[in-house]
Every structure is written in structure tokens, then in C-alpha cells.
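Some notes on the structure that comes next.
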Amino acid sequence: MRTIVLLFLIAAAAFPASRIKDLAYVQGMRGEQVIGYGLVVGLNGTGDSQRSTFTVQSVSSMLKRFGITVPQNDLRLRNAAAVMVTATIPPFSKEGGMVDVTVSSLGDATGLQGGTLLVTPLSGMNGTVYASAQGPLSVGGMNVRSNGSEVRRNHTAAGRVPGGAVIERPVEAVIARDWRVSVVLWQPDFTTAMRIASAVNAKHGASVATAMDASTIALEVPAAFRDNARIIDFISQVEVLEIVPDVAARVVINEKTGTVVVGGNVAILPVAVTHAGLNIEIQQTPVISQPPALSRGTTVQTQMSTISASSDSSAVIAINGAATVQEIARALNALRVSPRDVIAIFQALKEAGALKAELVIL
């Protein structure tokens, strides 16, 4: 129950003013996701086995570039592994910049700890090479095997190379067209879009910002800022304006982990709630059946099953309406239920029409 209370209190915090840059982004500011195929070497016997034929082919091809020809059948590569290398290049990145890369095993390697990624070109969806990656891996885990025993901590088949990719080609971004800039909300909401437009107009004039829909606010760059250098100043001034975003009433449930998060605008109408868990226990006892004396029967072993069912005792709790998450938390705590029982209660409240919120189940 302590976890439930914590989640409710987090959701119950007052909604402070937020900067526009924390709620939205400028359209055109997009990064470039890049990917590449590479090799990790220097592993301590935890690399790919002979079954990963693509690793053997890759090492053979690499050695040929250095003038060394080795038959593939002669290669034993437990110290090398084939990997996929991924990264996201931020917008406005220039040549020579560095970004982190994620390295993930592609074959049957048991761990990448202690390995070094060899030079790997990273290309975008259009085939253009934007960066090249190389460097020692950082793996947040360990995996030790000996005589059939294994000790593993965290995941060792993937790691990162901090600052391992050097940008070879800049990622261009266009943020203004015909002196118009569009601000796009991360989470579309009509009320929040109108509040952003009002805040910008109050700062720069009544006709500068227009809310086009629930996610897009069109900005007409004022005449005083219509310069390639000053337009950055205008966007900077817009980004730091503060508004109070509107938050939809929403209850988010993750049934896999038993997590329940209740938004601050959630309300419950007057309702009576009772909850009792059903417990079913099945026991099987082996029974030996012996044939009569001097008969031709055989001994038979069977199972005798015993089934019992019971329910937890629970009182009926009357909720006289709850307008805040603190009141909802107190009402559910009075039922003395587990987090997974809370999930069932919220689903029942929604079906009964007493929950005035959107129910999202992950």
C-alpha cells in the first residue's frame, strides 16, 4: 500500500507554470536516427560462436582489407562479436561533433564487457553516412560462467560508447518558412495551445501567434526580428515564456507491473465499493491402489484431488465523492487492498460511470 500512496501524492502535486520549451518543440528541429553494422573485439571468450556465420564472414572480409587471407573454416572467434550500432544525431549538429552510440549484440555472444568497437559507418534511412563510431564499450553489468554455473547482473549483451561517434555530415534543419515558425506540443491539447498563443501575443503583439489545432501554434515573426540572426532571439524569447498547461483527467494503469498513476484532475462520484479476493487451493495426494490377494491385477498409482475455495472478508466502503487525489487515496487505503486490486477497482468504477477520467491501460 505504501507504493500506492506515493504514486497518488506525486500525481497530487499542484500544476506549476512551465516554460514553452518544456511543453513543445519548434517544427523542423528533427534529428537523424542512424544505424550501422560493426564488430566488437577484445572479448574474453564471450563473443559469437561458429554458428554465427555472418561474424566469421565479417572478420574474414576485414582481414582481407589488411592483406591477410584466412580460410573461414580456420577462424575461431570467441573474442569477437557482430553488433548493430545505433545513435540519434541531434538537429543542427555540425561536422566534428560527438554523440553517444548504443551497441547491441547480433549473434549469440554472451557478453560485450571489455570489448572495443571497430570503426563503423553510421547511415540514415536515405543511405547517407552521417557519422562513424569507434571506441571501448561501457557495459553496466557482468556475466561470469564456470563449470555450468552462471552469475549474471543486469544485461551484458548491449552497451554504450560515450562520445563514440564523430559526426561526418551536418544535419540540416529548417525552422522558418516565409517568416513563419510553428511550435508543436508534445501532448496535443486545445486549451494548452490557446494559452501558449495568448502568452506569445501578450509578449509580442496580438497578431503574432495563432493556435491552428490542438498541437500546432503558428507564429508570424515580427518585423523587428526578420533577420537570420534575430529570428533566433525571437524563438528564444518565446521558449522561455511560462504558462500553466491544462492536464486531462487520466488514470494510467500498467497491469504488467501493478503500477497505478492518478492525475490531479481525476474525480470520483459518490459510490459504494467492496472488494474481496477469491482464493482457490488445489491439493493432489498420491494414492496407491493394490489388487486383491491372489488376483491377476496390478498395482495402480492415482492422484486424489482436493479443492477448496474461500474469499477474503471485506467491508463496504462508501465514497461520498472524491474531488482530489488525496481523497481518492484515503478512500482506497480504507479498503486495505493491494495495487493489483486497485486496478480492478478502477476498472469497475469506470464501468459504473463513477470515475470521471480517462482510463488508460498499458
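Below is a table of values for the structure above.
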| item | result |
| --- | --- |
| Residues of region 50-100 classified as among the polar types (S, T, N, Q) and in contact with a helix residue (DSSP H, G or I) (Cβ under 9 Å, 6 or more places away or on another chain), total | 7 |
| Selection from region 201-234 of residues that are of a type in the set (A, V, I, L, M) and under 12 Å from R180 (Cβ atoms) | V208, A209, M212, I217, A218, L219, V221, I231 |
| Which listed residue, of N73, N44, is more than 25 Å from the chain's Cα centre (by Cα), touching a residue at least 60 places away in the same chain (Cβ under 8 Å) and not in a strand (DSSP E or B) | N44 |
| Residue within region 41-63 that is among the hydrophobic types (A, V, I, L, M, F, W, C), under 30 Å from P245 (Cα atoms), at pLDDT 85 or above and surrounded by 13 or more Cβ atoms within 10 Å (Cβ to Cβ) present | no |
| Scope region 164-193; condition within 13 Å of M212 (Cβ to Cβ) and in a loop (DSSP other than H, G, I, E, B); matching residues | P188 |
| Pairs, first of a type in the set (F, W, Y) in region 235-248, second surrounded by fewer than 14 Cβ atoms within 10 Å (Cβ to Cβ) and assigned to a strand (DSSP E or B), C-beta under 8 Å, six or more apart | none |
| Subset of region 85-125 [more than 18 Å from I167 (Cα to Cα) and either hydroxyl-bearing (S, T, Y) or not in a loop (DSSP other than H, G, I, E, B) (or both)] | S104, S105, T110, T116 |
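The values are calculated or read from the model by the stated rules, or taken from the named source; none is laboratory data. Given the structure is predicted, the values throughout are model-derived calculations rather than measurements. Heads up, the Cβs are rebuilt from the backbone with ideal geometry, glycines too, and the neighbour counts pull from every protein chain shown.
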